[in-house]
Amino acid sequence: MIDFRPPAFFDLEGFAHSELLDSEQPVWAALGRALAEYFEAWTDWSINTELHPGVHLLGDRISIAAGCSIEPGAVIVGPAILEEGVQIRTGAYVRQNVLLTTGSLVGAHSEVKGSILLPGAKAPHQAYVGDSILGRDVNLGAGTICSNVKNVGRVISFSAGGETYHTGLRKFGAILGDGCKTGCNTVLNPGVLMGPGSVTYTNASIRSGYYPPGT
């Protein structure tokens, strides 16, 4: 039996949003409606970092902690939570239901939507992260795409260990465990789950499914 609960992918010690990553639910249960409901219940909407006038905030449900660095040209659409030390570089697009935890990074001209970045996770260069969870110290090579919708519009499922798992999500990108790294121009097709410490080659197209730790 494969363990798909969050602790099998992430070190959650001291994680401030443990309610969202419920240790008794499959890891993908934190996405979609659950993430939206988490933001609906959030009440601490405050800006605690001085922002350059070239930073664009759209909507009033945006929380930015002290010590964040947001470069001119970045666009943030609420709801969004940025914890201490988050970096967002020029041209980045952070749009709706995005949780960026301590020290995570969204790079120049990267887009993040409906996703969670754990401490130290980085999407540095022209990446797309849709409806995904990036674990601690994950690094996406330039041009990495976390594709989140099937062209045929079906609910996303994947196979692992001879069984088929139905996520119930029509939009579901990737789950990358702590320390995963992708080569430049990697495409992670909808429903990829990579265990901690896994790595992709450059120009790889990764099929939906489960990849054990260290793959």
Study note, to complete from the structure: The condition from (1) surrounded by fewer than 23 Cβ atoms within 10 Å (Cβ to Cβ); (2) closer than 14 Å to residue 28 by Cβ; (3) of a type in the set (Gly, Ala, Ser) that residue 177 misses is numbered (1)
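Which residues, taken from the range 41-90, are free of Cβ contacts under 8 Å to residues at least 12 places away in the same chain and either of a type outside the set (A, V, I, L, M, F, W, C) or in a strand (DSSP E or B) (or both)?
Pass one, the range 41-90, residues free of Cβ contacts under 8 Å to residues at least 12 places away in the same chain: 41, 43, 50.
Passing the criteria: 43, 50.
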Check your understanding: Taking the stated definitions as given, is residue 133 touching a helix residue (DSSP H, G or I) at 6+ places or on another chain (Cβ under 9 Å), in contact (Cβ under 8 Å) with a residue 60 or more places away in the chain and either buried (at least 24 other Cβ atoms within 10 Å of the Cβ) or of a type outside the set (A, V, I, L, M) (or both)?
Key -> yes
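Wholly within the range 122-180, which strands (runs of 3 or more DSSP E) include no fewer than the required count, namely at least 2 residues that are hydrophobic (A, V, I, L, M, F, W, C)? Before you say what the answer is, go through the steps one by one.
Numbers: elements: 122-125, 128-130, 157-160, 163-166, 174-176.
In the range 122-180, 157-160, 174-176 are the strands (runs of 3 or more DSSP E) which contain 2 or more residues that are hydrophobic (A, V, I, L, M, F, W, C).
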Check your understanding: From 62, 2, 88, which residue is buried (at least 21 other Cβ atoms within 10 Å of the Cβ) and either more than 14 Å from residue 133 (Cβ to Cβ) or in contact with a strand residue (DSSP E or B) (Cβ under 8 Å, 6 or more places away or on another chain) (or both)?
Key -> 88
Point to revise | Search result, residues across the range 27-37 that are assigned to a helix (DSSP H, G or I), buried (at least 16 other Cβ atoms within 10 Å of the Cβ) and in contact (Cβ under 8 Å) with a residue 60 or more places away in the chain | key: 27, 28, 30, 35
Exercise for review: Could you list, in sequence order, all residues of the range 5-20 that are farther than 16 Å from residue 83 by Cβ, open to solvent by 70 Å² or more (accessible area, probe 1.4 Å) and in contact with a helix residue (DSSP H, G or I) (Cβ under 8 Å, 6 or more places away or on another chain)?
Suggested key: 5
**Study point:** Scan of the range 1-26 for residues that are assigned to a loop (DSSP other than H, G, I, E, B), within 18 Å of the chain's Cα centre (by Cα) and under 17 Å from residue 192 (Cβ atoms), ordered by number
**Key:** 4, 9, 10, 26
Practice item. Would you confirm whether any residue within the range 147-165 is under 26 Å from residue 63 (Cβ atoms), of a type in the set (Val, Ile, Thr) and either in contact (Cβ under 8 Å) with a residue 12 or more places away in the chain or open to solvent by less than 60 Å² (accessible area, probe 1.4 Å) (or both)? Key: no
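The values are calculated or read from the model by the stated rules, or taken from the named source; none is laboratory data. As the structure is a computational prediction, the values presented were derived from the model and not from experiment. Ideal geometry is used to build each Cβ from the backbone, glycine not excepted, and the neighbour counts take in all protein chains shown. All accessible areas refer to the heavy atoms of the entire protein, side chains included, with ligands and DNA or RNA removed. Shrake-Rupley method; radii C 1.70, N 1.55, O 1.52, S 1.80 Å.
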